[in-house]
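In what follows, a single structure is set out as structure tokens and then discussed.
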């Protein structure tokens with residue numbers, strides 16, 4: 001029962017925190033209601049997890065061998081880290097917490113696949129950078145398209161509305177495909193769940209978080225990005241979806257929060273960096289750097305207590 | 001397509017609103033012409049009533065636009081801007097009605113020496129409102145930014161012309177042998193007529209910002 005509880009809690013907090021990155025803008029601009037947004041997120045996260053979640057699961061599953069006990073330790077260490085950082089109001093990435101805790105357990109077991117870990121760390125650095133570049137390109141390409149097309153406001157607005165909804169769904173799909181590994185990789189690796197059941201279970205756990213507890217973060221993200229205007233927001237959400245989807249295919253769970261902040265920075269590069277809040281950026285960076293270390297330390301401590 | 005249906009209703013109502021404003025100004029212009037030729041008579045009073053009806057129609061259409069927009073047509077930021085544009089344009093019809101009411105209720109007689117300039121001021125005001133409506137339709141449609149800028153510049157030029165005429169007329173009023181009360185009444189009418197292009201200028205300034213905001 002404990003592994004399931006840990007996984008549900010981790011998936012729930014992931015859904016509650018990260019679904020805002022996919023539909024926060026659409027909800028903030030009142031393009032779609034919060035209720036409909038969470039229903040769409042739940043649906044597409046589950047589909048994404050089921051259809052394309054296996055890459056990340058394989059990577060995390062092979063970072064270190066798992067047993068029932070180590071799976072519980074990994075899940076609880078990650079869950080405690082996410083809960084503590086959220087309570088301290090520090091930005092947190094569930095992917096980093098999940099992988100940090102697996103690394104902590106792996107270090108204690110002295111069986112860590114360093115080549116896979118290196119790949120993961122490279123992808124973490126690549127996430128915001130990739131999102132910056134992708135957003136920069138998307139912004140310029142779409143701008144050219146719109147300047148050539150020159151739609152009236154009565155065509156442009158509905159097109160933007162539906163584009164934002166479609167991109168939000170794609171982004172939710174990518175979130176499910178990429179992040180389901182954080183929830184179910186250790187369960188599958190420990191053979192508590194089959195890969196198919198694990199993907200479905202993880203997807204549903206994330207969907208539960210989106211459906212029950214995402215309003216607060218979604219409102220904050222929505223209000224934060226709405227200042228960018230709908231076109232820029234669309235570019236951000238599309239860049240996030242593409243970036244996270246690429247890493248889902250590459251089999252590395254990354255942070256959607258890092259992705260969306262990278263995309264917003266991409267818009268900053270187009271419109272001028274004065275729009276970027278430097279202090280907030282440092283705070284986010286500190287949170288991201290601290291998360292894997294804290295999760296690894298908690299996991300190592302729990303592992304030490306378990307072994308002794 | 002179903003995606004665009006509600007917005008087509010807004011577009012049709014906006015068209016109706018602009019037409020009502022233009023018609024209101026045309027009726028106002030006809031009423032003033034008649035007043036200058038024949039003074040305040042039954043025909044003038046009928047024209048005042050017709051202008052009032054047209055202004056009421058513009059108000060009704062404005063309310064209908066608000067209602068459709070609040071039912072979530074367009075994006076919220078566009079809704080807000082369109083409502084403000086409609087609000088600013090609506091001042092024109094209100095102003096026309098208010099001037100005619102003032103002339104009718106206060107039985108103001110416009111002296112001969114003002115006739116030419118008043119006619120000219122109204123002619124410029126009509127051109128100014130036409131340019132404003134063209135600019136508004138352009139911003140809502142897909143007019144090139146340069147063309148919108150040209151229309152806004154034209155509105156600004158019309159407003160300046162009217163200001164010059166206004167000062168000329170006020171100077172003439174106070175140089176005349178009329179009673180002080182009459183002078184003040186006439187000055188008020190002249191300023192009110194000049195207010196039409198002032199409203200156009202305010203609306204045009206807003207349209208320019210609206211247009212810039214819409215540029216990707």
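The values are calculated or read from the model by the stated rules, or taken from the named source; none is laboratory data. The model shown is predicted, which means the values in this text are computed figures rather than measured ones. Cβ: placed from backbone, ideal geometry, glycine included. Neighbour counts: every protein chain shown.
Details
- Odd one out for residue B:80 among (1) at pLDDT below 95; (2) more than 14 Å from chain A (Cβ to nearest Cβ); (3) in a helix (DSSP H, G or I): (2)
- Considering the stretch B:42-60, the residues that are out of contact with any helix residue (DSSP H, G or I) (no Cβ under 8 Å at 6 or more places or on another chain) and under 25 Å from residue B:194 (Cα atoms) include one that is nearest to the other protein chains (Cβ to nearest Cβ), namely B:56.
- Residue in the stretch A:181-200 that is modelled with pLDDT of 95 or more, within 14 Å of chain B (Cβ to nearest Cβ) and assigned to a helix (DSSP H, G or I) present: no
- Residue A:155 being modelled with pLDDT of 95 or more, over 23 Å from residue A:207 (Cα atoms) and within 14 Å of another protein chain (Cβ to nearest Cβ): no
- Any chance residue B:35 is in a helix (DSSP H, G or I), farther than 26 Å from residue A:28 by Cβ, touching a residue at least 60 places away in the same chain (Cβ under 8 Å) and within 14 Å of chain A (Cβ to nearest Cβ): no
- Residue in the stretch A:173-184 that is over 22 Å from the mean Cα position of the chain (by Cα), buried (at least 20 other Cβ atoms within 10 Å of the Cβ), in contact (Cβ under 8 Å) with a residue 60 or more places away in the chain and farther than 21 Å from residue A:39 by Cα present: no
- Single residue of A:147, A:161 found to be within 14 Å of chain B (Cβ to nearest Cβ), modelled with pLDDT under 95 and either under 18 Å from residue A:271 (Cα atoms) or not in a helix (DSSP H, G or I) (or both): A:147
- Taking the stretch A:79-94 as the range and being more than 21 Å from residue A:211 (Cβ to Cβ) and surrounded by 24 or more Cβ atoms within 10 Å (Cβ to Cβ) as the test, the residues that pass are A:81, A:93.
- Any pair with Cβ under 7 angstrom, 6 or more apart, that starts in the stretch B:190-216 at a residue that is within 14 Å of chain A (Cβ to nearest Cβ) and free of Cβ contacts under 8 Å to residues at least 12 places away in the same chain and ends at one that is buried (at least 22 other Cβ atoms within 10 Å of the Cβ) and in a helix (DSSP H, G or I): none
- From A:20, A:26, A:49, residue being buried (at least 24 other Cβ atoms within 10 Å of the Cβ) and within 14 Å of another protein chain (Cβ to nearest Cβ): A:26
- Some residue of the stretch B:85-108 being surrounded by 15 or more Cβ atoms within 10 Å (Cβ to Cβ) and within 14 Å of chain A (Cβ to nearest Cβ): yes
- Some residue of the stretch B:95-109 being free of Cβ contacts under 8 Å to residues at least 24 places away in the same chain and touching a helix residue (DSSP H, G or I) at 6+ places or on another chain (Cβ under 9 Å): no
- Candidates are the residues of the stretch A:98-125 that are closer than 19 Å to residue A:246 by Cβ and free of Cβ contacts under 8 Å to residues at least 40 places away in the same chain; the one that is farthest from the other protein chains (Cβ to nearest Cβ) is A:118.
- Residue in the stretch A:164-180 that is nearest to the other protein chains (Cβ to nearest Cβ), counting only those that are touching a helix residue (DSSP H, G or I) at 6+ places or on another chain (Cβ under 8 Å) and within 30 Å of residue B:68 (Cα to Cα): A:164
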